[in-house]
Amino acid sequence: MSSEITRLQASDFEEALDMLNFSFGFQHPKNFETLLPALYKAEDEHMSWNWAVRENGRIRAIVGAFPLAWQLGETTLRISGIGGVSCHPRARNQGHMQQLMSHAVAAMRAEGYHLSYLGGQRQRYGYYGYEKCGISYYLNLSKNNLRHVFGIDPLPINFRPLTRQDQTHLQGAIGLHDAQPFRGLRAPERFYDLLLDWQHQPHIALSADGRMIGYLVADQSGDTITELLAVNEGEPELAIAAAWVQQHGDTRFELSPWNRLLPKLAHLCEGMSVSSSGNWLIFDWENVLDALLKTRAAQGPLVDGAVIIEIEGYGRLLLEVDGEHIRCARTDAEPALSADPATAMRLLLGPLPPSAVLALPAGAALLEQWCPLPLFWGRQDGV
C-alpha cells in the first residue's frame, strides 16, 4: 500500500474528526470539536495544523502541531503544541506514529519554533526528545478553611456564566488577561473558544453593586478552577476564590508560578502540590532560558553570579545575573557542568530543585537559588 504524509484541509474535517473520535473512543456529545473548539474547525487554517498519514488516500494517523505563543515580558516565544496524536485501530503497529512524530518535530525545528509542549505518557514521547518538566501549582481550598478566616457570612460576590454574546464582559475578561506581563497569547476572536476548551465554563465575578471585578474558568463539575484573574483595584482575587468555594464547595485551583493568587491562597489552603507542567522539547535553548531567567527575576531577587552549562547537541550557555542585567547567551568558556537535553530540562526547569536532579559542582551552585525556572502552560491556552 502507498502512504504519504500531508497537511489536512477543510475538506478533510469530517473524515479526520471521525478518525480522531474513533481512536480516542469518544462518543457524542463528547468529541474533539466540542472538547477543543479553539483548535478543531472546518477551515483550511485550522485543519492545516494537522499532519496525517494517508494510505491509498485514507487517513490512517494524525498528529496536530498547533501554533501557540507565550509572552514573557518583552519576549515572545513561539510554541508548537502537540495534540490529537492518534492512529486508526486497524492501522496500528505499522510505524505511522513514529513517522508522523519525527516529521512534526523536524518541521517545528525548521519553522523556527522555540519549544514544543504536549501532554501524554512520558516515555512514549521521550523518544522524540520531550521530557516531563516545568512547574504548576495545585491548591485545594475548603469551606472549613474559609470559616476560620472569613467567618460564616457569605461574601458579597456573585457569579454569572460568561456568554459569547456578552461582549462588554468578554472584552473585560480579554483586558484582564492581556494585562498580564506573562501569558499565553490569545487572538481576540479565539479568546472565548479557548475558555471553553476541555468543556469548561467561564464565569464573571460581580461585586455587590454589579461591577465586574474578575473572571474565572471552571470545569464542568465546578470543583476545579483553571484560570482566575481579577482587577488591580483592591486585588480581590482571594475574595473571588473564597466566594466561589462558599457557593460551590471544596475547589482545586490550578495556578501559574506568577499568579497573584498563589501566595494568598497558599497561606490558608488545606493542601498544595507542585507538579511538572507537561512534556517539553526545547529547540532554542538560548532564547528560552533568557526569557525564563528574566521571568524568574521578576518574581523575586536573584543572587548575582554566573553559571556556564553545556547542553549536549546544542552548545555552551552562560546564565548571568548582575543586578538588573540578566541574560542567557552562547559562550565558548569552560562549563561548570554538562548534561544531555532531558537532564538539562529537569535540572533547570523543575519541578524539583536542581540538587535533586544532579550533584551540583561549586561553579553551578547558584542554580539552586535561581531554579526551577517558571516553565508553565495554562490549561485554557490550547492543546
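The values are calculated or read from the model by the stated rules, or taken from the named source; none is laboratory data. Predicted model, so just to flag it, every value in this text is computed and none were measured. Heads up, the Cβs are rebuilt from the backbone with ideal geometry, glycines too, and the neighbour counts pull from every protein chain shown.
Just to be sure, is residue 116 surrounded by 16 or more Cβ atoms within 10 Å (Cβ to Cβ), within 25 Å of residue 220 (Cα to Cα) and in contact with a Ser or Thr (Cβ under 6 Å, 6 or more places away or on another chain)? In short, no. Could you pull out the residue among 71, 94, 165 that is touching a Lys or Arg at 6+ places or on another chain (Cβ under 9 Å), surrounded by fewer than 21 Cβ atoms within 10 Å (Cβ to Cβ) and part of a loop (DSSP other than H, G, I, E, B)? Unique residue meeting the criteria: 94. Scanning segment 97-113 for residues that are over 21 Å from residue 68 (Cα atoms) and surrounded by 19 or more Cβ atoms within 10 Å (Cβ to Cβ) turns up just one, 97. Looking across segment 310-338, just one residue is over 26 Å from the mean Cα position of the chain (by Cα), buried (at least 19 other Cβ atoms within 10 Å of the Cβ) and of a type in the set (Val, Ile, Thr), and that is 321. The set of residues in segment 119-149 being of a type in the set (Phe, Trp, Tyr) and either assigned to a loop (DSSP other than H, G, I, E, B) or surrounded by fewer than 18 Cβ atoms within 10 Å (Cβ to Cβ) (or both) consists of 127, 128, 130, 138. Name the residue that is modelled with the lowest pLDDT, counting only residues in segment 175-216 that are touching a Lys or Arg at 6+ places or on another chain (Cβ under 8 Å) and hydrophobic (A, V, I, L, M, F, W, C). In this case the residue turns out to be 198.
Yes/no matrix, rows are residues, columns are (1) farther than 29 Å from residue 273 by Cβ; (2) without any contact (Cβ under 8 Å) to a residue 40 or more places away in the chain; (3) touching a strand residue (DSSP E or B) at 6+ places or on another chain (Cβ under 6 Å):
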site	(1), (2), (3)
132	no, no, yes
139	no, no, yes
143	no, no, no
160	yes, no, yes
170	yes, yes, no
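May I ask you to verify whether residue 190 is assigned to a strand (DSSP E or B) and either over 15 Å from the mean Cα position of the chain (by Cα) or surrounded by fewer than 19 Cβ atoms within 10 Å (Cβ to Cβ) (or both)? When the stated conditions are applied, residue 190 does not pass them.
I'm checking my understanding of the structure. Among residues of segment 352-367 that are over 24 Å from the mean Cα position of the chain (by Cα) and not small (Gly, Ala, Ser), which one is farthest from residue 262 (Cα to Cα)? Once the filter is applied, the top-ranked residue is 361. Exactly one residue among 164, 183 is assigned by TED's automatic domain parsing to the domain that holds residue 247 and over 26 Å from residue 31 (Cβ atoms), and that residue is 183. Restricting attention to segment 1-39, report how many residues are out of contact with any Ser or Thr (no Cβ under 6 Å at 6 or more places or on another chain) and touching a residue at least 40 places away in the same chain (Cβ under 8 Å). Of the residues in that region, 21 qualify.
Evaluation of residue 55 against the conditions (1) under 25 Å from the mean Cα position of the chain (by Cα); (2) in contact (Cβ under 8 Å) with a residue 24 or more places away in the chain shows that the sole unmet condition is (1).
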